[in-house]
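Visitor: So that we are looking at the same thing, I have put the structure below in C-alpha cells.
The values are calculated or read from the model by the stated rules, or taken from the named source; none is laboratory data. Computed from a predicted structure; not experimentally measured. Cβ atoms come from the backbone with ideal geometry, glycine included; neighbour counts cover every protein chain shown.
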Amino acid sequence: MIGKFSAIIGAIGFIVYLGSILHSVLKSSIISFSASVPVLIVVSVGVAMMVYDFVRMLSLSGNSKSKSRR
C-alpha cells in the first residue's frame, strides 16, 4: 500500500516537474514554438513511458497478490 502511494506521489511530482519545464519553454519570449517542439516531444514521450510503466507496475503487483492467496 505504501509502495503504491509513494509511486502515485512520485508520478504526480514528475509530471508537475516536466510540465513546469514545458511551460517555461513555451512561454519564453526568446524561444519560438518551432524551436520548442523537440522539448514538447521529449516531455510527451517521457510522460507516456512513465504512465506505461506505472500501469505495468500496478498490474504486476496485483497479479502477485492473487497468486500468493492460493
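Visitor: From Met1, Met49, which residue is at pLDDT 90 or above and loosely packed, with under 13 Cβ neighbours inside 10 Å?
Guide: So the residue among Met1, Met49 that is at pLDDT 90 or above and loosely packed, with under 13 Cβ neighbours inside 10 Å is Met49.
Visitor: To continue, here is another question. Pick from segment 19-39 the residues that are part of a helix (DSSP H, G or I) and touching a Ser or Thr at 6+ places or on another chain (Cβ under 9 Å): which of them is nearest to Leu58 (Cα to Cα)?
Guide: Restricting to residues being part of a helix (DSSP H, G or I) and touching a Ser or Thr at 6+ places or on another chain (Cβ under 9 Å), the top hit is Leu22.
Visitor: For the structure I just gave you, tell me whether Ile8 is modelled with pLDDT under 90 and in a helix (DSSP H, G or I).
Guide: Criteria met by Ile8.
Visitor: Cβ-Cβ distance below 7 Å, separation of 6 or more or different chains: which pairs start in segment 2-29 with a residue that is within 14 Å of Val47 (Cα to Cα) and end on one that is acidic (Asp, Glu)?
Guide: none
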